[in-house]
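What follows is a single structure, written as structure tokens, with notes after it.
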Amino acid sequence: SSSLFSDVYPNPFNNALTISVEVINIQNVEIDVFDVSGRSIESLHSGNLQVGNHSFNWEAGMSGIYFVVLSSGQGREIRKVVCVR
């Protein structure tokens, strides 16, 4: 199975992060952001995504290391991102 993340940029980022997702067949997708201690910071999406490309923006409240976790029927993917202010 191929990656659903097409891109997570910029990384490191200063304020806003863009998460691009490419969906090949309609499926339930969850996109969540966690901090380094594993605490859930924000849910960016939960539910079905139609076929195509989708973009989600996230603004970090403070500098640090975060993990963007994408869960779908294809499994779970994790991207480490760094916010530098």
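The values are calculated or read from the model by the stated rules, or taken from the named source; none is laboratory data. Being a predicted model, the structure only gives us computed values, none of them experimental. When we count neighbours, we look across all protein chains shown, and the Cβ atoms used for this are built from the backbone with ideal geometry, even at glycine. Note: areas computed on protein heavy atoms with side chains; ligands, DNA, RNA excluded. Shrake-Rupley method; radii C 1.70, N 1.55, O 1.52, S 1.80 Å.
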How many residues are within 18 Å of VAL81 (Cβ to Cβ) and in contact (Cβ under 8 Å) with a residue 12 or more places away in the chain if we restrict to region 8-28?
12
Given the condition aliphatic (A, V, I, L, M), touching a residue at least 40 places away in the same chain (Cβ under 8 Å) and under 13 Å from TYR66 (Cα atoms), answer yes or no: does some residue in region 32-44 qualify?
no
Enumerated strands (runs of 3 or more DSSP E) restricted to region 7-85, each holding at least 2 residues that are open to solvent by less than 20 Å² (accessible area, probe 1.4 Å):
16-23, 27-35, 40-49, 64-72, 75-83
Could you list all residues from region 53-85 that are at positive phi and at pLDDT 95 or above?
GLY64
Quick one: what pairs do we get from region 68-80, first residue in contact (Cβ under 8 Å) with a residue 40 or more places away in the chain, second polar (S, T, N, Q), C-beta under 7 Å, 6+ apart or different chains?
SER72/GLN27; SER72/ASN28; GLY73/GLN27; GLY73/ASN28; GLN74/SER1; GLY75/SER1; GLU77/SER3
